[in-house]
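S.K.: Would you mind keeping the following structure in view while I ask a few things?
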Amino acid sequence: MIDQIIEFNKQFVAEKAYEQYITDKYPNKKLAVLSCMDTRLTELLPAALGLKNGDAKIIKNAGGLVISPFDSAIRSLIVAIYELGVEEIMVVAHSNCGACHMSFDHFHHEMIARGVTDETIDTIRKCGIDLDAWLEGFKDTPTSVRKTVETIKNHPLVPKDIIVRSFIIDSVTGALEEQ
Ligand code: ZN
């Protein structure tokens, strides 16, 4: 598949298809969106929010979550605020998210089947990594998205004038519901 993508890319550049996307690194709408990596949202999320190239910093991970106050999602938001002029943040969870009801037990079986050993898992645990917390999903989407918003709002490095709001988007219709 990657080879096919490389071929496509040569054509894309040769045809100057990039011209319609040219912009700069500063988000025109001074907006950051934290959302899920779900493939249903790849085009649906920006389309349903009316966002074009250059409008917003879009940060994605499994579940659209902040799992700890100094994780990669918060780091990206801090950069977006201080370096790129972001003033408003939308945290957008979605219906039927794959990260809902995830658990390490499920991954554990898959990992063993794919060649990871229990010894490796024990070593990681002995290093102080809480694998259960790291790979745990959320039980309830509205509670989870509001918790992520609270973590961002109460973060000691996030300025108090930053607006942070929580939403759930319908994975089919793109309908946005504030939480
Ligand atoms: Zn998801």
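S.K.: Pick out the one residue from 80, 73, 62, 32 that is under 15 Å from the mean Cα position of the chain (by Cα), under 26 Å from residue 156 (Cβ atoms) and open to solvent by 40 Å² or more (accessible area, probe 1.4 Å).
M.R.: Going through 80, 73, 62, 32 in turn, the sole match is 62.
S.K.: Could you check the range 84-112 and list, in sequence order, the residues that are open to solvent by 20 Å² or more (accessible area, probe 1.4 Å) and assigned to a helix (DSSP H, G or I)?
M.R.: Answer for the range 84-112, where residues must be open to solvent by 20 Å² or more (accessible area, probe 1.4 Å) and assigned to a helix (DSSP H, G or I): 105, 106, 107, 108, 109, 110, 111, 112.
S.K.: Of all residues in the range 14-29 being in a helix (DSSP H, G or I) and either open to solvent by 100 Å² or more (accessible area, probe 1.4 Å) or outside the structural domain of residue 81 (by TED's automatic domain parsing) (or both), which is nearest to the ligand (Cβ to nearest atom)?
M.R.: Filtering first and then ranking leaves 21.
S.K.: For the range 35-57, which positions are within 16 Å of the ligand (Cβ to nearest atom) and open to solvent by 80 Å² or more (accessible area, probe 1.4 Å)?
M.R.: Hits for the range 35-57 are 37, 39, 40, 42, 43.
S.K.: So how many residues does the range 126-135 have that are closer than 21 Å to residue 93 by Cβ and surrounded by fewer than 17 Cβ atoms within 10 Å (Cβ to Cβ)?
M.R.: 2
S.K.: Could you please let me know if residue 157 is in contact with a helix residue (DSSP H, G or I) (Cβ under 7 Å, 6 or more places away or on another chain), open to solvent by 20 Å² or more (accessible area, probe 1.4 Å) and more than 16 Å from the ligand (Cβ to nearest atom)?
M.R.: Considered against the rule, which asks whether it is in contact with a helix residue (DSSP H, G or I) (Cβ under 7 Å, 6 or more places away or on another chain), open to solvent by 20 Å² or more (accessible area, probe 1.4 Å) and more than 16 Å from the ligand (Cβ to nearest atom), residue 157 comes out as yes.
S.K.: Which ones in the range 58-83 are assigned to a helix (DSSP H, G or I) and either away from the ligand (no atom under 14 Å from the Cβ) or not assigned by TED's automatic domain parsing to the domain that holds residue 45 (or both)?
M.R.: 72, 74, 75, 76, 77, 78, 79, 80, 81, 82
S.K.: Search the range 125-146 for residues being part of a helix (DSSP H, G or I) and out of contact with any strand residue (DSSP E or B) (no Cβ under 7 Å at 6 or more places or on another chain), and hand back the single one that is farthest from residue 96 (Cα to Cα).
M.R.: 126
S.K.: Return yes or no: is residue 165 assigned to a helix (DSSP H, G or I), under 22 Å from the mean Cα position of the chain (by Cα) and at pLDDT 95 or above?
M.R.: When the stated conditions are applied, residue 165 does not pass them.
S.K.: Considering only the range 86-105, state which residues are closer than 30 Å to residue 118 by Cβ, within 12 Å of the ligand (Cβ to nearest atom) and in contact with a Leu (Cβ under 8 Å, 6 or more places away or on another chain).
M.R.: 99, 102, listed by residue number.
S.K.: For residue 149, state whether it is in a strand (DSSP E or B) and either at negative phi or open to solvent by 70 Å² or more (accessible area, probe 1.4 Å) (or both).
M.R.: Taking the combined requirement at face value, the residue does not satisfy it.
The values are calculated or read from the model by the stated rules, or taken from the named source; none is laboratory data. Fair warning: this is a prediction, and the values are worked out from it, not measured in the lab. All Cβ positions, even for glycine, are placed from backbone atoms using ideal geometry, and neighbour counts span all protein chains on display. Only protein heavy atoms, including side chains, enter the accessible area calculation; ligands, DNA and RNA are left aside. Shrake-Rupley method; radii C 1.70, N 1.55, O 1.52, S 1.80 Å.
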